[in-house]
Amino acid sequence: GDYILFERFRNSCVSWCKARSPGRRRESSFVYEFPLVAICGSTYIVFIVAGFLAQSADHESCDSSYRLYVVSLYTIIIVFFCSFFGFVPLLEFFVHSPMIRQLHMLMRYIHVSETPPSMVFVSDGGVQDCTGVLQLMRRRCDRILLALAGSDAEDEFQVLRHTMTLALEQRIGYFYDPADPRRDVSAVLDEFKQDRQRTFMHLGIRYTFDDAAGSAAPPGGSRAVAAGRRTAHLLIVKNRLTSDCEGMPVEPLVTEEEILQGAQGKDRGPGMHTMRFGLRQERELHTDELGGCCCNCCHAFGCNCGPKFPHIANANQCLSPLLFSSLCRLGYTLGEDAIRTLTTCDTFAEPWEEFVRA
């Protein structure tokens with residue numbers, strides 16, 4: 001994550017800096033940091049002067065050095081103490097200091113007030129919900145498509161189970177098996193784990209709490225319709241190799257022509273299912289053997305290490321072209337059935353729902 005600047009009022013100095021250098025962010029940020037930089041710079045100068053005076057044998061110089069050291073120490077203490085009151089307009093410049101922000105994060109200090117600070121730390125959903133389903137449930141969306149790409153080679157669904165727990169704790173709703181609501185959701189997850197031919201999983205959502213859950217309206221919908229919605233349907237596409245995809249030869253890189261024409265509209269030919277690598281020795285690889293990083297030669301010469309496709313470690317931030325292309329193809333293959341079901345079915349209602357009161 002990173003800090004984002006939210007200007008609650010227009011600063012003429014910042015506007016002038018942005019006008020002179022619109023593409024440079026550092027100059028405008030320095031205007032907010034300047035008061036604390038001036039205080040810390042002055043304190044540092046006083047500390048240096050005290051050090052020079054301490055080297056003198058004169059008694060008066062030693063007293064002056066002691067007083068300057070005390071002033072520097074108290075200035076640092078006061079600055080650190082006032083940094084926790086950055087919500088006060090006159091002390092707001094404290095929250096713009098990177099050093100102060102790092103100290104607050106180290107002490108796990110959290111700013112809580114009705115008026116947000118001018119610097120807000122924005123992070124990804126991994127802090128609470130990695131799936132993003134909770135936000136859509138708060139809007140009471142009717143249909144939700146989840147691409148679950150967490151690090152879960154054994155299909156344990158720990159991330160999804162955590163999301164279900166949060167939805168219940170935050171009084172948003174709970175999940176059920178739409179085919180048979182008598183079954184626990186864990187049975188559905190275990191069944192999907194055992195069946196390697198399934199490309200997606202279907203879960204039902206029951207919005208049972210009427211407080212904050214219906215406060216937000218879905219995009220393009222009204223708040224009244226969202227508040228009156230009681231059920232929803234969640235389709236989950238998991239990044240895993242189905243039984244049909246295991247042991248398949250690595251296909252070539254995705255091209256612009258293939259994306260525009262579609263897989264069905266392009267004649268792939270026999271060579272599309274065999275990919276050869278190497279500088280001195282050629283070999284064929286299967287998709288589930290792909291590892292490594294950076295370049296395609298890593299897959300054939302000694303660097304094809306680490307977790308294999310498609311469960312690539314998060315530490316691998318330099319995907320090879322073949323890894324990236326294979327991930328795109330896998331997403332296209334696995335998501336096809338779920339998207340078709342989501343867009344073509346008029347209703348997901350099961351026969352038993354006719355006998356259940358809203």
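The values are calculated or read from the model by the stated rules, or taken from the named source; none is laboratory data. Since this is a predicted model, take the numbers as computed values, not measurements. So basically every Cβ, Gly included, is an ideal-geometry build from the backbone, and we count neighbours across all protein chains shown. The area values use the complete protein model at the heavy-atom level, side chains included, leaving out ligands, DNA and RNA. Shrake-Rupley method; radii C 1.70, N 1.55, O 1.52, S 1.80 Å.
Here are D155, D129: which of them is over 30 Å from F6 (Cα atoms) and either assigned to a loop (DSSP other than H, G, I, E, B) or open to solvent by 60 Å² or more (accessible area, probe 1.4 Å) (or both)? Working first, answer last.
Values: D129 fails: over 30 Å from F6 (Cα atoms).
Of the residues listed, the single one that is over 30 Å from F6 (Cα atoms) and either assigned to a loop (DSSP other than H, G, I, E, B) or open to solvent by 60 Å² or more (accessible area, probe 1.4 Å) (or both) is D155.
For residues that are free of Cβ contacts under 8 Å to residues at least 60 places away in the same chain and not in a helix (DSSP H, G or I), scanning just region 88-107, find the one that is most open to solvent (accessible area, probe 1.4 Å).
Here the answer is M107.
Return the residue satisfying two criteria in turn: it lies in region 297-320 and is touching a residue at least 60 places away in the same chain (Cβ under 8 Å) and open to solvent by 60 Å² or more (accessible area, probe 1.4 Å), and of such residues it is nearest to I236 (Cα to Cα).
N314
Just the residues that are at pLDDT below 80, surrounded by 15 or more Cβ atoms within 10 Å (Cβ to Cβ) and either farther than 16 Å from S326 by Cα or touching a Leu at 6+ places or on another chain (Cβ under 6 Å) (or both), please, taken from region 239-296.
Of everything in region 239-296, just one residue is at pLDDT below 80, surrounded by 15 or more Cβ atoms within 10 Å (Cβ to Cβ) and either farther than 16 Å from S326 by Cα or touching a Leu at 6+ places or on another chain (Cβ under 6 Å) (or both), namely N296.
Could you please find all residues in region 317-358 being farther than 30 Å from N304 by Cα and among the small types (G, A, S)?
Looking only at region 317-358, we keep the residues that are farther than 30 Å from N304 by Cα, and these are 337-358.
Within region 317-358, A338, A349, A358 qualify.
Given the criterion in contact with a helix residue (DSSP H, G or I) (Cβ under 6 Å, 6 or more places away or on another chain), open to solvent by 50 Å² or more (accessible area, probe 1.4 Å), modelled with pLDDT of 60 or more and not basic (K, R), identify the matching residue among F47, F30. If you could, list the steps in order and put the result at the bottom.
Working: F30 fails: in contact with a helix residue (DSSP H, G or I) (Cβ under 6 Å, 6 or more places away or on another chain).
Among F47, F30, only F47 is in contact with a helix residue (DSSP H, G or I) (Cβ under 6 Å, 6 or more places away or on another chain), open to solvent by 50 Å² or more (accessible area, probe 1.4 Å), modelled with pLDDT of 60 or more and not basic (K, R).
Under the condition of being within 51 Å of the chain's Cα centre (by Cα) and outside any helix (DSSP H, G or I), which residue from region 50-87 is surrounded by the most Cβ atoms within 10 Å (Cβ to Cβ)?
Only one residue tops the list, namely G86.
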